[in-house]
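The values are calculated or read from the model by the stated rules, or taken from the named source; none is laboratory data. Just so we're clear, the structure is a prediction, and the values are computed from it rather than from any experiment. Note that we place each Cβ from the backbone using ideal geometry, even for glycine, and neighbour counts take in every protein chain shown. For the accessible areas, the whole protein counts, side chains as well, though only heavy atoms, and no ligand, DNA or RNA atoms are used. Shrake-Rupley method; radii C 1.70, N 1.55, O 1.52, S 1.80 Å.
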Amino acid sequence: MDLEGVGAIAAAGVTAVGIPAALLVGRWQMRAALRTADETGRAGIAQAEATYRAALDAVRAEASAAHVQWRRSVQRETYASFLLASHQVTEAAKRLDEDRVDSEVAAAHKADLAIAEAAVRAAFLVVTLEAPGTVADAAQRVLTHTLAIADAQKRQAAMGRAWVTLDRMCDAERNSPAGSRPAIDLMEALTLLGSVLMTNPQRADRRSLEEQAAAAVDEAFNAFPPGTFDLGDQTLLRDVQHQEPARARSAYQEASEALLAAHAEFVNVARAELDALGRP
């Protein structure tokens, strides 16, 4: 065999050996590329998941902050509405004394007060739903003293109106021809009862005098046609002589002072609660 033949055989052998080697190298390179692609894909997925989680956390945090802010706004409006309703009751109660002569005006003022009382009770119920216990407890004290002011003013105004009514009846009798004077007799009997009640309680005949004066008042009431004074009006006119107006004024003053303190307490605990909601 000549040299050309040997070279051809050698070249063929090298080629035969080179093909599997190339296949092996190619397979190794493909596996490396697949591993790299797989690792790159996993890293991309992890990055995407991290980005998604971060975005979701940001949305949740923003939603939570918005909810807290909304909650704080609702509570603040609830507290303010309750305080305003309390103020409207006290203002309506004061108006009961504005006109004791005009029955229509007096009736309108009584109706306004009834509406204001219903409104403050409703506002208090909303506070109990929206507020924590400390704020609700403070609101309860505000409500109690607010309604106490209204009750004291209603009683004082009712006694005043009853006395004004009797006084007008006395004026009419004084300006009318001579005849029976039941209103004047009643006024005198009530005045006598008041003077007896103001005497020294230690006086020996105090009880006897009081009984005589009370009997004179009963007799004076009985001189009127039936239905002129109902039992409520009779009680009110008697109470005027028992210094009930002074006690009603005292009760009004005490309730007013207590309400000021209750308002201050409510504002303090409400502010503390709102500030706590506003902190991160």
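The table below lists the values:
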{"read-out": "Potential extension, GLU91-HIS242 segment - 0.36 nm per residue separation minus Cα distance", "value": "51.6 nm"}
{"read-out": "Extension gain (nm, one decimal) between THR144 and LEU125, 0.36 nm per residue minus Cα-Cα", "value": "5.5 nm"}
{"read-out": "Residues of region 257-271 with amide N under 15 Å of a point placed 7 Å along Cα→Cβ from ASP151", "value": "258-259"}
{"read-out": "Burial ranking of peptide ranges 172-180, 152-160, 228-236 (average Cβ count within 10 Å, highest at the top)", "value": "152-160, 228-236, 172-180"}
{"read-out": "Largest to smallest accessible area among HIS263, HIS87, HIS242, HIS109 [probe 1.4 Å]", "value": "HIS87, HIS242, HIS263, HIS109"}
{"read-out": "Alpha-carbon centroid distance for the pair region 151-168 / region 118-137, whole angstrom", "value": "33"}
